Amino acid sequence: MRSKRLSPIATGLTRAAVYLRVSTDGQARTGLGLDAQAERCRAFATSKGWSVAATFRDEGVSGSVDFKDRPEAARLFEMIRAGEVDAVLVAKLDRLGRSTRDVLEMVEWLDELGVDFVSVEEGFDTSTSAGRFVMRILASVAELERDMGRDRTRAAMRQKRTRGEKTGGTVPYGFDVLEGGRLVPNAEEQKALVFIRRRHEEGASLRAIATELEARGIRTKTGRSTWAAETVSSILRRAEVAA
């Protein structure tokens, strides 16, 4: 995985890009999650004598969303490609992503471009072999925690659905709710749901699926004609829990 190059950290890093992410709109509105992450990253950079070249804040974006579909991550990539960053700094590893594969692919891409990756909470960076080894282990642990939580949620949701009960604060896409909280399929939304699943399995990005839904004139649960990648991701997550 590691290319033969001199690590920016080992040779005297000067420019760090801070990446922040919160997965819920509530956290994004309060700013507490993002502000806390930013403070930790800035303090760490200061302690090392590094300058913060830029800060990127993805608000209300799930860690399961692909990097290329995150608005601020896309801007970060442009800065990295332009050679304006020596290292990417996050407050915690799962802010980068919850999938081990995604995290490793991202770090490998950074390495190929001569950029180090630093996680403040876990206390490691990719400038050393030991740091890269720790990063792989922690990425796997984060993915295990996510999968175990998903298994528990899936089991609870399955029990509710066998009783025909509504399983959340909002009505899931593909269903309508009757008085008393009983869910019934919505025929048109079920067709759209099949389309979303099929395109996802075919490898289409969330943003591409959203664009295709708009082109087909399919509306969101709230009746909007425009779709966001995060909306598609939310629908797919709910469908996975229901499986």
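The values are calculated or read from the model by the stated rules, or taken from the named source; none is laboratory data. Remember, it's a predicted structure, so these values are computed and weren't measured experimentally. Cβ coordinates were reconstructed from backbone atoms using ideal geometry, including for glycine residues, and neighbour counts include every protein chain displayed.
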- Message: Among (1) surrounded by fewer than 18 Cβ atoms within 10 Å (Cβ to Cβ); (2) at pLDDT 90 or above; (3) aliphatic (A, V, I, L, M), there is one condition Ala229 misses while meeting the rest; what is its number?
- Response: (1)
- Message: Please pick out the residue among Val103, Val115, Val88 that is among the β-branched types (Val, Ile, Thr) and in contact with a Gly (Cβ under 8 Å, 6 or more places away or on another chain).
- Response: Val103
- Message: Here are the criteria: (1) under 24 Å from Lys68 (Cα atoms); (2) outside any helix (DSSP H, G or I). Tell me which single one Phe195 does not satisfy.
- Response: (2)
- Can you name the residue in segment 167-183 that is under 22 Å from the mean Cα position of the chain (by Cα) and either in a strand (DSSP E or B) or of a type in the set (Ser, Thr, Tyr) (or both) and is also modelled with the highest pLDDT among such residues? Tyr173
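Scan segment 41-52 for residues that are more than 15 Å from Glu121 (Cβ to Cβ) and surrounded by 17 or more Cβ atoms within 10 Å (Cβ to Cβ) and jot them down. Show your work before the answer.
Our first condition is that a residue be more than 15 Å from Glu121 (Cβ to Cβ); within segment 41-52, this holds for 46, 48-52.
If the condition is that a residue be more than 15 Å from Glu121 (Cβ to Cβ) and surrounded by 17 or more Cβ atoms within 10 Å (Cβ to Cβ), then Trp50 is the only one that fits.
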- Query: Just one of the numbered conditions (1) crowded, with 19+ Cβ neighbours inside 10 Å; (2) not in a loop (DSSP other than H, G, I, E, B) is not true of Ala38; which one?
  - Reply: (1)
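Does Ile9 count as over 24 Å from Ala210 (Cα atoms), modelled with pLDDT under 80 and surrounded by 13 or more Cβ atoms within 10 Å (Cβ to Cβ)? Break it down stepwise before answering.
Details: over 24 Å from Ala210 (Cα atoms): yes; modelled with pLDDT under 80: yes; surrounded by 13 or more Cβ atoms within 10 Å (Cβ to Cβ): yes.
Considered against the rule, which asks whether it is over 24 Å from Ala210 (Cα atoms), modelled with pLDDT under 80 and surrounded by 13 or more Cβ atoms within 10 Å (Cβ to Cβ), Ile9 comes out as yes.
Checking the condition without any contact (Cβ under 8 Å) to a residue 60 or more places away in the chain and not small (Gly, Ala, Ser), which residue from Glu202, Glu230 passes?
The conditions single out Glu202.
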- For segment 52-80, which residues satisfy the criterion of being over 12 Å from Ala229 (Cβ atoms), outside any strand (DSSP E or B) and in contact with a Leu (Cβ under 7 Å, 6 or more places away or on another chain)? Glu59, Ile80
- Query: Hey, Glu121 hits all of (1) part of a helix (DSSP H, G or I); (2) over 13 Å from the mean Cα position of the chain (by Cα); (3) not hydrophobic (A, V, I, L, M, F, W, C) but one; which does it fall short on?
  - Reply: (1)
- Do we find a residue being in the same structural domain as Glu39 (by TED's automatic domain parsing), buried (at least 23 other Cβ atoms within 10 Å of the Cβ) and touching a Lys or Arg at 6+ places or on another chain (Cβ under 8 Å) anywhere in segment 116-126? yes
